[in-house]
Structures are given as C-alpha cells and as structure tokens.
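Input: a single structure, listed below in structure tokens.
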Amino acid sequence: MVLYPTMNDGNFTLTFDTKLNEYTAIKVYDMNGREIKNVYEGNLANGNHLYKVSATDLESSMYMLVVSTVNGYSVSYFQVK
C-alpha cells in the first residue's frame, strides 16, 4: 500500500494490490482510533487499485488510513495541513 503525498491540503492518492477477489474496507481514523471517514467498502477484484482520497473536509491533524481485508490490514499515516 502506498499513500502519497503524506502531508498536504487533503487530496491524496492511494494505491494497493489485492491478491484475491475479496471484501475490502478503506477507512480514515483519527489518532484516537475513532472512525472519521469511510472511503470504500465492498468487494474488489484481484489486481492493482488506485483511489483518490479527499480529506479536504477534515481538520488540520494527523490521521490513519486503514485498508483491511479478510486476510489482514495495512495502515498508513497522513497529515492534513
């Protein structure tokens, strides 16, 4: 999973691969672990995926972006200026 740029005004690009056709959730959490935003939730085919993530509605702070599947999860941190 790659999220870039990690610090900006709230527009990010997320790329990741799935090895199976599986349920995937992409969510944003604050640093206290509260869910702030649901970016995507549903089944994805195997392969490379690219999402444009808009966080312009979020306050200036640090956040966690979590991509989870039935096989595990990946976490990336980002900052909205």
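The values are calculated or read from the model by the stated rules, or taken from the named source; none is laboratory data. Here the structure is a predicted model, which is why all the values come from computation and not from measurement. All Cβ positions, even for glycine, are placed from backbone atoms using ideal geometry, and neighbour counts span all protein chains on display. The area values use the complete protein model at the heavy-atom level, side chains included, leaving out ligands, DNA and RNA. Shrake-Rupley method; radii C 1.70, N 1.55, O 1.52, S 1.80 Å.
Being of a type in the set (Asp, Glu) and farther than 23 Å from Lys81 by Cβ is the requirement here; does Asp17 meet it?
On the way: of a type in the set (Asp, Glu): yes; farther than 23 Å from Lys81 by Cβ: yes.
So Asp17 passes the test.
I need the full set of residues from region 34-81 which are of a type in the set (S, T, N, Q) and in contact (Cβ under 8 Å) with a residue 60 or more places away in the chain, in order please. I'd like the intermediate steps shown before the answer.
Pass one, region 34-81, residues of a type in the set (S, T, N, Q): 38, 43, 46, 48, 54, 56, 60-61, 68-69, 71, 74, 76, 79.
Passing the criteria: Ser74, Ser76, Gln79.
Among the residues of region 48-56, is any in a strand (DSSP E or B) and over 16 Å from Asn11 (Cα atoms)? Can you show your working first?
Step one: of region 48-56, the residues in a strand (DSSP E or B) are 48-54.
Keeping just the survivors that are over 16 Å from Asn11 (Cα atoms) gives 48-49.
For region 48-56, residues in a strand (DSSP E or B) and over 16 Å from Asn11 (Cα atoms): present.
Any chance you could count how many residues in region 57-81 are within 17 Å of Asp9 (Cβ to Cβ), among the hydroxyl-bearing types (Ser, Thr, Tyr) and either open to solvent by less than 50 Å² (accessible area, probe 1.4 Å) or not in a loop (DSSP other than H, G, I, E, B) (or both)?
Filtering region 57-81 for residues within 17 Å of Asp9 (Cβ to Cβ) gives 57-63, 65, 77-81.
Remaining after also requiring among the hydroxyl-bearing types (Ser, Thr, Tyr): 60-61, 63, 77.
Keeping just the survivors that are either open to solvent by less than 50 Å² (accessible area, probe 1.4 Å) or not in a loop (DSSP other than H, G, I, E, B) (or both) gives 61, 63, 77.
Qualifying residue count for the region: 3.
Please enumerate the residues belonging to region 30-44 that are more than 9 Å from the chain's Cα centre (by Cα) and open to solvent by less than 60 Å² (accessible area, probe 1.4 Å). Steps first, please.
Going residue by residue through region 30-44, those that are more than 9 Å from the chain's Cα centre (by Cα) are 30-37, 41-44.
Within region 30-44, Asp30, Gly33, Lys37, Gly42, Leu44 meet the criteria.
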